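Please read the structure below before turning to the comments.
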Amino acid sequence: MSRATGTVVLRNARIFTADPDQPWAGSVEIADGRVRGLDRPVPAGAEVIDLDGAFVLPGFVDAHTHLVEMGASAEEVGLVDAADIADIQARVAAAAAEGRTRVIGNSWLFPALEGRAPHRDILDTVVPDVPVYLQSNDLHSTWCNSAALRELGIDAATPDPIGGTIERDADGEATGLLSEMAALGLARSFLAAQVTDADRDAWLQAGMARYLADGVTTVVDMGVEGHDLATFERALAADALPLRVVGHWLVKPSASEAENLAQVETALAHARRLDGDRLRITGIKIMADGVIDSCTASMARPYADGSNAAPIWDREALTPVVVAADAAGLQIAIHAIGDEASAIALDALEEAIRVNGPRERRHRMEHLEVVSEESVARLARLGVVASMQPVHADPAVQDNWRAMLGDERVERGYPWREMTDAGAVLAFGTDAPTAPHLPLHNMYVATTRRSALVEGLPANTPHLAVPLAEALTHATRDAAYASRMEGTIGTIAPGRSADLVVLAADPFADEPEALLKTQVLRTYAAGSNVLV
């Protein structure tokens, strides 16, 4: 990527800095890719850019995403807006008719199934011979047809993988639904092996282009595997990594503690090797449980249908991994959606602190969709960052989520304000491609609890919305803190990298709906306008 040279002054702007020492400014001076000062006299020889009253804020930091997968999702069959089974079948059949060797789809939602469970027969009816893999909106389930099951080698005798389930009928035959590590491990690993480096390189570039066009300058890739890291490193070597990428190495549950700890050692080796300005591995990612939509999140009380789910990692397996990673100085991010999973995760983190002694850590918990008040208080006391995704609370994708809980727990779903009220740092991301990556849409849901997908839906527990200034701070300064990069990005302040976004309209001056329409005019990454 090109590097910014010389001195540039952006003036005649309304600048939200996210810096508590000087939250607002009218001009910013940039030199050598960094912010030199705010509201200063224009130095001799500087290039002056009049922004004509545009709004400027720090580059967004998506605190939780899956970058290569986001790029890939554009080539897949999108199902998030599928109306019913017939609509899903029509889209899958149309993709197969294009001559694809496999049909990969994403983002189907349970309400579209009209009360039926995902089953291979529904897909076999329209595509009997070409393998079909449809990932759910949360990515934690994969719905396969019979050809895909044959390709994966799954039959009645195939055992469930550790931390996952091959759903079966009364006769023991696989129904076609793979849950948790059967989807995220077995199916995902198989499909990853069918992809070329050229495919991944193209997906990475596509994902970065979309992010930069929408004002995101840093992403935290939450669940990096070997093929992802190789893709990032190829881009870095080619000077084709305009985004900053902070990675958490995915640690999957294995058959033994030794195998689990070996994955921590692998992450540590990558972290020691990769700690640069554009690409770094900062820690590990562990999935303590699943998701509420498929009733695989681990809850303290059963779901509305009386079922519950065991955690993917129980205390006995999780604690040694967390203690070892903490001792190594790795940043630990734990996916915990259900209140039982978050309690288990906090137990492990607290044990690591006890064993390894007090110091600055900055561990994280991801999602926290249903969490007890006690766990919120403990999270804050332990200094654990709450990493949450407003777009997951969009009313358009909440019907099944609410139905699965079926009680008062829905009124405390996605309790962002509880986190900050308790004293915790709250970092916002999107978890793309499980949800749209658009940061301004993310801010709209955060500040209104209304839908960025479907106009006119009632707000989802509006008492839990956050003010706009707080939402922007959680998506910039706090997300940078959560990434161990607050000294470089997240605020517009002297010495920080000039990662800036220029919007056509001031979101503080308009109705919230303007966030859904506001145009990004410029995105600066290290002082370079990457949208030129």
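The values are calculated or read from the model by the stated rules, or taken from the named source; none is laboratory data. These numbers come from a predicted model, not from an experiment. Note: ideal-geometry Cβ built from the backbone for every residue, glycine included; neighbour counts use all protein chains shown. Surface accessibility is based on the protein's heavy atoms, side chains included, excluding ligands, DNA and RNA. Shrake-Rupley method; radii C 1.70, N 1.55, O 1.52, S 1.80 Å.
Listing for the model above:
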quantity	calculated
For segment 488-532 versus segment 372-386, the gap between their alpha-carbon centres in whole angstrom	31
Residue-normalised accessible area of segment 123-269, expressed per residue, 1.4 Å probe, Å²	35
Carbon/sulfur fraction of accessible area - the chain, other protein chains in place, 1.4 Å, %	51
Cut-off 14 Å between beta-carbons: net charge of the residues surrounding ILE334, Lys and Arg +1, Asp and Glu -1	-3
Dipole of segment 433-522, positive direction: furthest Cα of PRO433, GLY456, ALA504, with charges on the beta-carbon	PRO433
Extension reserve of the HIS463-ALA97 stretch, reckoned as 0.36 nm per residue once the Cα distance is removed	127.0 nm
Net charge, VAL384 excluded, C-beta distance under 10 Å - Lys, Arg +1, Asp, Glu -1	+4
Between segment 307-361 and segment 69-143, the Cα center-to-center distance that results, in Å	35
Gain on full stretching of the segment that runs from HIS227 to ARG315 - 0.36 nm per residue minus C-alpha separation	28.7 nm
Segment 348-450, accessible area per residue, ligands and nucleic acids excluded (1.4 Å, Å²)	32
Efficiency of FRET between ASP347 and ALA198 - r from beta-carbon atoms, R0 41 angstrom, step 0.05	0.40
Förster radius 51 Å - calculated FRET efficiency between GLU47 and SER256, Cβ distance, rounded to 0.05	0.25
Extension reserve of the ALA74-TRP24 stretch, reckoned as 0.36 nm per residue once the Cα distance is removed	14.3 nm
Mean separation of Cα contacts under 8 Å (6+ apart) over length of the chain, as relative contact order %	17
Average accessible surface area per residue within segment 1-119, 1.4 Å rolling probe, Å²	44
Mean Cβ neighbour count within 10 Å, used as a protection proxy, ranking 455-466, 119-130 highest first	119-130, 455-466
Net charge over other residues, Cβ less than 11 angstrom from the Cβ of ASP39 (K, R count +1; D, E count -1)	+1
Antiparallel content of DSSP bridges confined to segment 149-267, in %, to 5	40
Beta bridge orientation in segment 247-390: antiparallel %, DSSP, nearest 5	5
